[in-house]
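The values are calculated or read from the model by the stated rules, or taken from the named source; none is laboratory data. Model, not experiment: these values are computed from the prediction. So basically every Cβ, Gly included, is an ideal-geometry build from the backbone, and we count neighbours across all protein chains shown. We work out accessible area using only protein heavy atoms, side chains counted, and drop any ligands, DNA or RNA first. Shrake-Rupley method; radii C 1.70, N 1.55, O 1.52, S 1.80 Å.
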Number of protein chains: 2
Amino acid sequence: MAYRETEKMRQRKAAARQRIAECTYQCVAEGGFRNARITRVAQLAGVATGTIYRHYESKEDLFAEIFRKATQREVDKVAEALATPGIATARLEKALRQFAERALKAPVMAWSLIAEPVDPKVEEERLAYRKAYASLFEQAIREGIEEECIPDQDARQSSTCLVGAIAESLVGPLSPAQAEQATADDTDNNDPLVNTIIRFCIQGLTGARR
Amino acid sequence: MAYRETEKMRQRKAAARQRIAECTYQCVAEGGFRNARITRVAQLAGVATGTIYRHYESKEDLFAEIFRKATQREVDKVAEALATPGIATARLEKALRQFAERALKAPVMAWSLIAEPVDPKVEEERLAYRKAYASLFEQAIREGIEEECIPDQDARQSSTCLVGAIAESLVGPLSPAQAEQATADDTDNNDPLVNTIIRFCIQGLTGARR
DNA sequence: GCAATTAGTGAATCATTATTCATTCTTTGT
DNA sequence: ACAAAGAATGAATAATGATTCACTAATTGC
């Protein structure tokens, strides 16, 4: 008898899988999922196309994983912002700002995650993650209601409104058409945009003029 | 010399084009753009696939036209609601309600217009129409600021938030996954949902508790 | 009825990519 | 070094549908 999978091999395979994931991520970051063909990913990763399929069931599976990882990172950041000490409204504000600013800093990836047309399996992930964001916000809203800095309301619905308002506000600035006219000035002050979104959202929640 | 295009022929062609458009609409209303293959549309319309191409440059062109017509209808309804007499906030409320209720009454088409992944040319139309909605709202917000029932703010940004909040709130209830579990009770009271959205939006605009 | 011209047809073609799989290369334990 | 097993390869295949185009059918004015 002979070949038995060894630790070294396990690691090598894991590394290959990792590399494929990274290269896919890179492709998406450059031009969206549309831009990430299997052949291109394989080329970048320095493997044959067939090899992709030893690590992933299908393109959709690969994409779904990339989407999941990328979005999870963002969700974590929002969760982090919501976990800081302070009253609920302030924490929500921080979280919304975090969301918007991170998106504007990595616009192509953000656009892919938020608005690029994607395959069904990936779209499923997107819906799931929109729910994840909403759930985080929902929890914070509940806490705000508890603390009485937010009036009683359907926290779930309101959280969905938050997600929608912020996502829609970003679609314009993030969309590739917009990106083309790359504002030479790359400091590109987005503060007013972000501030307006936040004001609308917090007012929507609290009904208190800011 | 001989054949010269006559009025009768012009009309017949127009009728065929119209029929193709209607059948495409029907396909989309049944299962989204995904469901509307050219062969299926041709079959429904009782013409050969090639005939489609005597009336439309390409599938994307056909789809874009269908999208445009369908959305224009909705935009008109919103415009109508905004054109009634009354203070700006009341008119905005009417318009938002109109938007949401019409969507919930024709969920498959609404989902296609709002959230179905579509080809680039159609996506362009979608972006354009989201802007059309936003522009209508923006104008009403401006009027509200004039009337002093809405505090001064970036009307364009706020209108985008409105569009986002309402669209996102509808995506869940409209999504095909959701539709599967067709609530037997087809009166399916959506009033609480719609009311919550509206409250959030109007509060977001006015900062006044409702 | 005829010639000119356009409309309509739909099977065949094309285009695009994901996916497969027969083959080659590596690793492993003895 | 060898045999067994798995990993990697990438050219060939498959699948999906949009689009074409050589051909037929209709329409028109004479």
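Using the structure shown, decide if residue A:122 is crowded, with 18+ Cβ neighbours inside 10 Å, facing chain B (nearest Cβ under 10 Å) and not in a helix (DSSP H, G or I).
No: the conditions fail for residue A:122.
Kindly indicate the residue of segment B:45-59 that is crowded, with 17+ Cβ neighbours inside 10 Å and of a type in the set (A, V, I, L, M, F, W, C) and also nearest to residue B:123 (Cα to Cα) among those meeting that condition.
Step by step, filter segment B:45-59, then rank; the result is B:52.
Looking at (1) more than 14 Å from chain B (Cβ to nearest Cβ); (2) more than 13 Å from DNA strand C (Cβ to nearest atom); (3) buried (at least 16 other Cβ atoms within 10 Å of the Cβ), can you tell me which one residue A:89 breaks?
Condition (1) is where residue A:89 drops out.
Filter segment B:133-157 down to the residues that are open to solvent by 30 Å² or more (accessible area, probe 1.4 Å), assigned to a helix (DSSP H, G or I) and not acidic (Asp, Glu) and list them by number.
Answer for segment B:133-157, where residues must be open to solvent by 30 Å² or more (accessible area, probe 1.4 Å), assigned to a helix (DSSP H, G or I) and not acidic (Asp, Glu): B:135, B:136, B:139, B:142, B:145, B:156, B:157.
Is it the case that residue A:198 is open to solvent by less than 10 Å² (accessible area, probe 1.4 Å), part of a loop (DSSP other than H, G, I, E, B) and either polar (S, T, N, Q) or touching a Leu at 6+ places or on another chain (Cβ under 8 Å) (or both)?
No, not satisfied.
Six or more apart or on different chains, Cβ under 8 Å: which pairs go from a residue in segment A:1-24 that's under 18 Å from residue A:44 (Cβ atoms) and away from DNA strand D (no atom under 11 Å from the Cβ) to one that's not basic (Lys, Arg) and not in a helix (DSSP H, G or I)? Could you list them?
If the second residue must be not basic (Lys, Arg) and not in a helix (DSSP H, G or I), the pairs left are A:24/A:36.
Which one is nearest to DNA strand D (Cβ to nearest atom), of the residues in segment A:34-82 that are closer than 14 Å to residue A:119 by Cβ, without any contact (Cβ under 8 Å) to a residue 40 or more places away in the chain and among the small types (Gly, Ala, Ser)?
Of everything passing the filter in segment A:34-82, A:58 is nearest to DNA strand D (Cβ to nearest atom).
In segment B:1-40, which residue that is within 12 Å of DNA strand C (Cβ to nearest atom) and either within 20 Å of residue B:120 (Cα to Cα) or within 14 Å of another protein chain (Cβ to nearest Cβ) (or both) is most open to solvent (accessible area, probe 1.4 Å)?
Selected residue: B:37.
Condition first: near DNA strand C (Cβ under 9 Å from one of its atoms) and either under 16 Å from residue B:15 (Cα atoms) or not in a helix (DSSP H, G or I) (or both). Now tell me which residues in segment B:44-58 satisfy that.
Within segment B:44-58, B:45, B:46, B:47, B:48, B:51, B:52, B:53, B:54, B:55 meet the criteria.
Consider residue A:101 against the criteria (1) within 14 Å of chain B (Cβ to nearest Cβ); (2) under 17 Å from residue A:163 (Cβ atoms); (3) of a type outside the set (Lys, Arg): it satisfies all of them except one. Which criterion is unmet?
Against the list (1) within 14 Å of chain B (Cβ to nearest Cβ); (2) under 17 Å from residue A:163 (Cβ atoms); (3) of a type outside the set (Lys, Arg), residue A:101 comes up short only on (1).
Which pairs turn up if I take residues in segment B:157-185 that are assigned by TED's automatic domain parsing to the domain that holds residue B:96 and at pLDDT 95 or above and look for partners that are acidic (Asp, Glu) and not in a loop (DSSP other than H, G, I, E, B) with beta carbon separation below 6 Å, at least 6 apart in sequence or on another chain?
Listed pairs, sorted by first residue: B:159/B:138; B:160/A:168; B:163/A:168; B:164/A:168.
Return yes or no: is residue A:191 in the same structural domain as residue A:77 (by TED's automatic domain parsing), touching a residue at least 40 places away in the same chain (Cβ under 8 Å) and open to solvent by 20 Å² or more (accessible area, probe 1.4 Å)?
Judged against the criteria, residue A:191 is not a match.
If you go through segment A:65-74 one residue at a time, do you hit one that is surrounded by 17 or more Cβ atoms within 10 Å (Cβ to Cβ) and under 15 Å from residue A:136 (Cβ atoms)?
yes
Being of a type in the set (Gly, Ala, Ser) and touching a residue at least 12 places away in the same chain (Cβ under 8 Å) is the filter; apply it to segment A:125-143 and report the residue that is nearest to the other protein chains (Cβ to nearest Cβ).
A:134
Would you mind telling me which numbered condition in (1) within 11 Å of chain B (Cβ to nearest Cβ); (2) open to solvent by 50 Å² or more (accessible area, probe 1.4 Å); (3) over 29 Å from residue A:59 (Cβ atoms) residue A:169 fails?
The one condition residue A:169 does not meet is (2).
When residue A:179 is evaluated against the numbered criteria (1) part of a loop (DSSP other than H, G, I, E, B); (2) exposed (fewer than 14 other Cβ atoms within 10 Å of the Cβ); (3) not basic (Lys, Arg), which criterion, by number, is the only one it fails?
(1)
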